[in-house]
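Read the structure below first, then the notes.
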2 protein chains.
Amino acid sequence: MSAPGAPIDFYFEFSSPYGYVASRLADDLEQRIGRALRWRPILLGPIFKVTGQAPLTNVPLKGDYSKRDFARSARMHGVPYRHPDNFPIGTVAACRAFYWLEDRDACAARRLAKALYSAYFADNRDIGAAPHMLQVASEAGLDAAALAAAIEQPAVKERVKSEVDSAIAAGVFGSPFFIVDGEPFWGVDRIPMLEAWVRSGGW
Amino acid sequence: MSAPGAPIDFYFEFSSPYGYVASRLADDLEQRIGRALRWRPILLGPIFKVTGQAPLTNVPLKGDYSKRDFARSARMHGVPYRHPDNFPIGTVAACRAFYWLEDRDACAARRLAKALYSAYFADNRDIGAAPHMLQVASEAGLDAAALAAAIEQPAVKERVKSEVDSAIAAGVFGSPFFIVDGEPFWGVDRIPMLEAWVRSGGW
């Protein structure tokens, strides 16, 4: 195991099935490699404007494959998965809630992220609209009234924009996306390579 | 190990780095799972017209990542890799030569494919133009004069078109792409999943 190092950036979009699967593997990954993950939700909408890409399920041929692979990948990892009826969705309210909470209680922010992902990808609940997102937060024991006020604050809105801009500047173009010591890894299927990279110091 | 079954379709584009890496792992994969692979070169150009996608290296952000990941993936698998100066290239002559040979001697066709892949991705030789492709074939001990005549035959040209159409009809949108008993697997990084799928009979 490598010596304790800087946190590994773990970028994800709340509307990303592979991001969800990665989120379910993240805590075990931290334990195995002895490196903390820094959870950083992003918005693929503005990122796809930069790359000219479209949501996976909208791409001919690739769309059908992807829907099959979302469920198959989840089953392989023992993660509950039910493709949401409304997909993809906008997740800016979730991102704002996450970062506001992150600055106050990083554990609570991670709990919120997990609750939102489960609601969307296991329970088919639309977490896009703020009231639905806040309902899930409330069920997770978080202060929904405080979050409701927070996500309307200009500084919080700006924070999400700045996080997305930073991700783009770091080369992030998909979800999940990991950066460890400057080395980028895209996709839940890159976790084994990431792990081998960290353990060996790269190759 | 599963009982002998129908061959696994192994689709690849001669200009695809991940297809090249997969080709270097293909023989060992056959041995491990006890199932034959049927090598089927395709052309991503017409396929990308259907899906609206672009060559990886042309996509902003994703392009830089991909070039890094081609080399990193090759190193991880112990496969020699040198990103070609001229990339991507058109590979229709190579496909025609492959299928003409395939109908006569499947082993020779596989040998040609390996020689072309090594020339392009290990030795930085442009295999796009027919004379260069034929030169590599000749060095691999194949009858370059017969191949030169074959790739001009209308039936051989039609054969490649029909192979690409069949691939599209089967849902193939990238390289490498495997289909085993109707189940599709895209990417060299899906080989472990494919292997687990074959061994377990699916999940």
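The values are calculated or read from the model by the stated rules, or taken from the named source; none is laboratory data. Just so it is clear, the model here is predicted, and its values are computed rather than measured. Glycine gets a Cβ as well: all are built from the backbone with ideal geometry, and neighbour counts include every protein chain shown. Remember, those area values only see protein heavy atoms, side chains included, never the ligands or the DNA or RNA. Shrake-Rupley method; radii C 1.70, N 1.55, O 1.52, S 1.80 Å.
Structure values in brief
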{"item": "Helices (runs of 4 or more DSSP H) within region B:129-203 that include 3 or more residues within 14 Å of another protein chain (Cβ to nearest Cβ) and more than 12 Å from B:TYR11 (Cβ to Cβ)", "result": "B:191-200"}
{"item": "Subset of region B:30-46 [of a type in the set (D, E, K, R) and either open to solvent by less than 10 Å² (accessible area, probe 1.4 Å) or touching a residue at least 60 places away in the same chain (Cβ under 8 Å) (or both)]", "result": "B:ARG32, B:ARG35, B:ARG40"}
{"item": "Selection count where residues are touching a strand residue (DSSP E or B) at 6+ places or on another chain (Cβ under 9 Å) and β-branched (Val, Ile, Thr), scope region A:29-69", "result": "2"}
{"item": "Leading residue by the ranking (nearest to the other protein chains (Cβ to nearest Cβ)) among those in region A:98-128 that are open to solvent by less than 60 Å² (accessible area, probe 1.4 Å) and assigned to a loop (DSSP other than H, G, I, E, B)", "result": "A:ALA122"}
{"item": "Among residues of region A:62-73, those that are in contact with a Pro (Cβ under 7 Å, 6 or more places away or on another chain) and either in a loop (DSSP other than H, G, I, E, B) or more than 10 Å from chain B (Cβ to nearest Cβ) (or both), counted", "result": "1"}
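Each row is one residue, and each column tells you yes or no for (1) open to solvent by less than 10 Å² (accessible area, probe 1.4 Å); (2) of a type outside the set (Gly, Ala, Ser); (3) within 14 Å of another protein chain (Cβ to nearest Cβ).
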{"residue": "A:ASP28", "(1), (2), (3)": "no, yes, no"}
{"residue": "A:PHE48", "(1), (2), (3)": "no, yes, yes"}
{"residue": "A:PRO60", "(1), (2), (3)": "no, yes, yes"}
{"residue": "A:THR91", "(1), (2), (3)": "yes, yes, no"}
{"residue": "A:ARG96", "(1), (2), (3)": "no, yes, no"}
